[in-house]
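Written below as structure tokens is the structure these notes are about.
The values are calculated or read from the model by the stated rules, or taken from the named source; none is laboratory data. Every value quoted in this text rests on a predicted model; they were computed, and no experiment measured them. Cβ placement follows ideal geometry from the backbone for every residue including glycine, while neighbour counts extend to all protein chains displayed. Surface areas here come from the heavy atoms of the whole protein model, side chains and all, with no ligands, DNA or RNA. Shrake-Rupley method; radii C 1.70, N 1.55, O 1.52, S 1.80 Å.
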Amino acid sequence: PERRDLAHQVLDARVALLLAHVAAVVARQQLRDARLGAAERHPRQQFIEALGDPAKAALLPPAVHLFALPSIPPLYVEWLHAMAGHMEIHLYVLNPCAEYWADIVSERRLALLAERGEAAGHEVGNPLLAAWAGSTRTYFATLIEAFGDHQEDDPSAFPASPGDTLLAQLQNRILQLEDLAPGSLSLCSEDRSLEVHVCHSLTRQLEVVVDRLLGLFAADEDPATRLRPCDVLIAVPELETAAPLVEAVFAGLPESRRIPYSISGRARRHSEGAARTLSDLLALADSRLEADAVMALLALPLVMRRFDLDAERLDRLRDWVSASGYRWGADAAHRERLSLPGAHSNTLEDGMDRLLLAYLMPATQVEPVLTGQLPAAGVLDPPAQDLAALAAYSDALLALLKATAAPLDASSWATLLDGLFDGFMAAQTNGSDLEELAQTRSTVRDVCAAMRRADATVARPLSVVRAALEAALTDPARGGVPTGSVTVAALSSLRGLPFRVICILGLDDGVFPHVDRPADFDLMAQVPRPGDRQRRADDRN
């Protein structure tokens with residue numbers, strides 16, 4: 001009986017904890033709804049109902065043009081359908097086929113439908129279009145269901161690819177929803193419109209691309225028709241993985257083989273510009289301030305230019321920092337904030353004191369003076385200009401650590417972050433750094449404005465602000481843009497734009513198309529609906 005009573009008490013306690021947890025969840029939900037002004041109805045329904053008010057519907061523009069959208073979620077299609085009753089909406093969709101192809105399926109799918117007795121009305125048509133264009137087919141079906149089928153009958157709207165090359169024949173068969181009959185191709189010995197290269201690594205693929213591009217650039221001497229770097233796109237599935245290899249291969253070419261290139265669409269914090277500098281600076285302020293990380297930040301171009309340094313002088317400063325004994329930590333108080341022993345030795349402050357003593361005291365000094373410290377060993381008569389640059393850099397870092405030691409409100413963070421650009425960065429007046437610096441400043445202002453809108457009086461620690469900035473600076477929504485040189489971009493970024501030469505890399509087995517492995521609790525994977533994004537289907541498309 002005693003054990004039974006104890007078990008009942010434990011069970012009652014667990015039930016009480018569960019009820020308390022449920023009550024807390026409900027309270028948080030109510031508080032969030034009250035603060036955010038959340039309503040019971042979905043904003044989509046509120047928007048559609050608001051269009052019924054003529055005064056509100058009159059606020060819409062007379063017309064809108066949408067283009068270069070590879071897909072539109074069904075939610076937005078419903079919004080467009082509702083707005084189409086009050087304004088003109090022009091939707092431009094790239095259609096690879098002149099025929100009606102919403103009912104074509106792959107051979108595998110057709111066999112499965114035939115086994116079920118459901119194959120009526122379905123055909124393969126073109127196998128490439130049937131097997132790979134599933135995302136576009138679903139997109140068209142969603143638009144047709146919402147707006148009706150208004151297929152353009154004008155033949156001039158679907159021009160055929162000129163010539164009889166292999167690529168042109170494949171494109172025209174897709175356009176006409178026909179398959180290439182076996183043995184029907186007649187290839188010219190000089191036809192290299194479509195090439196497949198088998199390489200053992202991504203680096204080797206890039207080397208092959210370089211050789212082929214150099215050959216194509218030299219093939220035509222006529223300035224009016226010759227291939228230019230801006231006519232070439234290099235597309236890769238994983239841009240962040242390929243970008244360092246692209247830089248290593250293209251930047252390492254000799255001057256006689258140099259090809260102008262540009263990597264477009266990377267997350268800004270992965271470049272060596274203002275976004276990466278700001279990201280590394282905040283990461284350093286939120287760390288143990290190790291000597292290697294401190295010098296790595298100083299080696300970034302914007303920071304090095306701000307403190308008037310070059311590569312040779314930076315190497316000299318690295319040797320001085322190593323000789324000073326500085327290893328990690330700003331000072332004793334900084335180490336104590338990290339819940340570590342507050343020793344002053346081997347900190348940044350201690351190292352700078354020893355370097356300054358090496359400048360002030362003679363090299364023959366062997367006894368500690370003044371503060372009980374010895375000058376940095378091996379640092380003999382350091383140049384005052386270099387030592388002043390290092391001292392200014394260390395003072396700026398110490399000031400940043402002191403300012404971010406405690407949480408700050410939104411206005412204080414805005415002032416602090418804006419000051420970091422002037423305190424740690426200097427852009428070239430005639431370079432692209434100015435534009436990236438302005439974009440990064442704008443992103444920081446947007447994050448600070450979001451903090452003000454949420455609650456301007458709440459004090460937020462460095463870790464929270466840093467996470468928000470990292471998310472903003474890593475946002476890939478901007479995608480790639482074509483440049484005046486060879487453009488390297490993600491496979492999906494510039495798929496709607498024409499180029500004379502397209503090089504697709506990284507189509508490795510097991511890597512591309514990506515394998516979808518949804519989580520067990522992913523309800524969209526368990527009950528898929530038309531319009532749901534699928535990485536593997538998008539890759540094939």
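The table that follows gives values for the structure above.
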{"read-out": "Candidate set: region 311-338, residues that are of a type in the set (A, V, I, L, M, F, W, C) and open to solvent by 40 Å² or more (accessible area, probe 1.4 Å); chosen: the one farthest from THR404 (Cα to Cα)", "value": "ALA311"}
{"read-out": "Any hit, region 87-96, residues being among the charged types (D, E, K, R), modelled with pLDDT of 80 or more, within 30 Å of ASN172 (Cα to Cα) and open to solvent by 70 Å² or more (accessible area, probe 1.4 Å)", "value": "no"}
{"read-out": "Given (1) under 28 Å from ARG204 (Cβ atoms); (2) in contact (Cβ under 8 Å) with a residue 40 or more places away in the chain, index of the condition GLN534 fails", "value": "(1)"}
{"read-out": "Considering residues of region 292-319 that are among the small types (Gly, Ala, Ser) and part of a helix (DSSP H, G or I) only, the residue nearest to ALA330 (Cα to Cα)", "value": "ALA293"}
{"read-out": "Members of region 90-113 found to be outside any loop (DSSP other than H, G, I, E, B) and within 25 Å of SER492 (Cα to Cα), listed by number", "value": "HIS90, LEU91, ILE104"}
{"read-out": "Close pairs (9 angstrom Cβ cut-off, 6 or more residues apart or separate chains): at positive phi in region 371-396, among the aromatic types (Phe, Trp, Tyr) and surrounded by 13 or more Cβ atoms within 10 Å (Cβ to Cβ) anywhere", "value": "GLY378/TRP320; ASP381/TYR359"}
{"read-out": "Failed condition for LEU417, given (1) open to solvent by 60 Å² or more (accessible area, probe 1.4 Å); (2) closer than 26 Å to ASP280 by Cβ; (3) part of a helix (DSSP H, G or I)", "value": "(1)"}
{"read-out": "Criterion violated by ARG316 - all others in (1) closer than 16 Å to ASP286 by Cα; (2) under 36 Å from the mean Cα position of the chain (by Cα) satisfied", "value": "(1)"}
{"read-out": "Filtered residues of region 117-140 (kept if over 20 Å from GLN171 (Cα atoms) and at pLDDT below 85)", "value": "GLY117, GLU118, ALA119, ALA120, GLY121, HIS122"}
{"read-out": "Given (1) assigned to a helix (DSSP H, G or I); (2) open to solvent by 70 Å² or more (accessible area, probe 1.4 Å); (3) not β-branched (Val, Ile, Thr), number of the condition PRO341 does not satisfy", "value": "(1)"}
{"read-out": "Members of region 418-445 found to be at pLDDT below 85, within 23 Å of the chain's Cα centre (by Cα) and of a type in the set (Ser, Thr, Tyr), listed by number", "value": "SER432"}
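A quick yes/no check of all residues on (1) surrounded by 16 or more Cβ atoms within 10 Å (Cβ to Cβ); (2) modelled with pLDDT of 90 or more; (3) among the acidic types (Asp, Glu):
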position: VAL196; (1), (2), (3): no, yes, no
position: ALA219; (1), (2), (3): no, no, no
position: ILE234; (1), (2), (3): yes, yes, no
position: THR241; (1), (2), (3): no, no, no
